[in-house]
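As structure tokens, the structure follows; a few thoughts come after it.
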Amino acid sequence: MENYTIIPFMTVLGILFVAGGMIGSWILSYSSPDNEHKNLVYECGELTIGQTHVRFKVGYYIFALIFMIFDVETLFLFPCVRIYNDVANGLIAGLSISTVMVELVVFFVILAFGLLYAWRKGVLKWS
């Protein structure tokens, strides 16, 4: 039970951290009701020409999300390969190389099916 006593403390600390950042930002921010340039849309130091709210194609967002998913899943391969290396060198007892290899193959198959599904749906077409 002693391990759970830190949860309320960390919750309060997290709330205070977020609230402190928001209050600090509000205190340090510059506000002037007579400054007309304060409310303008800022894009890389250039004033905008035309509408500032432009709709983007949803496909760009989906393409970016698929890229992020496969990027993060690729990062998961590094610990898997490290564990495989440790099992092969005998540093981890209780696991066999075939078990780790089957798990890696299952992981690759799931990645391949995800990529194949996105490809078949036409999500990866950049047009």
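Can you tell me which of (1) in contact with a helix residue (DSSP H, G or I) (Cβ under 9 Å, 6 or more places away or on another chain); (2) under 30 Å from TRP126 (Cα atoms); (3) not hydroxyl-bearing (Ser, Thr, Tyr) is the one PHE67 doesn't meet?
The number of the failed condition is (1).
Could you tell me which numbered condition TRP26 fails, if it satisfies all but one of (1) at pLDDT below 70; (2) of a type outside the set (D, E, K, R); (3) exposed (fewer than 10 other Cβ atoms within 10 Å of the Cβ)?
(1)
Which of the residues belonging to segment 70-124 are of a type in the set (Phe, Trp, Tyr) and touching a Cys at 6+ places or on another chain (Cβ under 7 Å)? Show your work before the answer.
Start the filter on segment 70-124 by keeping residues that are of a type in the set (Phe, Trp, Tyr), which leaves 70, 76, 78, 84, 107-108, 113, 117, 119.
Within segment 70-124, just PHE107 meets the criteria.
Confirm whether VAL100 is farther than 26 Å from PHE56 by Cβ and surrounded by 12 or more Cβ atoms within 10 Å (Cβ to Cβ).
Yes; evaluated as a whole, the condition is true for this residue.
When residues of segment 74-107 are filtered for being closer than 30 Å to LYS125 by Cα and in contact with a helix residue (DSSP H, G or I) (Cβ under 6 Å, 6 or more places away or on another chain), how many remain? Give the steps one after another, and end with the answer.
Taking segment 74-107 first, the residues closer than 30 Å to LYS125 by Cα are 74-78, 104-107.
Subsequent filtering for residues that are in contact with a helix residue (DSSP H, G or I) (Cβ under 6 Å, 6 or more places away or on another chain) retains 104.
Total satisfying the criteria: 1.
Could we say that ILE110 is in a helix (DSSP H, G or I), at pLDDT 85 or above, within 30 Å of LYS125 (Cβ to Cβ) and of a type in the set (A, V, I, L, M) here? Walk me through how you get there before you give the answer.
Details: in a helix (DSSP H, G or I): yes; at pLDDT 85 or above: yes; within 30 Å of LYS125 (Cβ to Cβ): yes; of a type in the set (A, V, I, L, M): yes.
So ILE110 fits the description; yes.
The values are calculated or read from the model by the stated rules, or taken from the named source; none is laboratory data. Treat the numbers as computed from the prediction; the structure is a model and nothing was measured. All Cβ positions, even for glycine, are placed from backbone atoms using ideal geometry, and neighbour counts span all protein chains on display.
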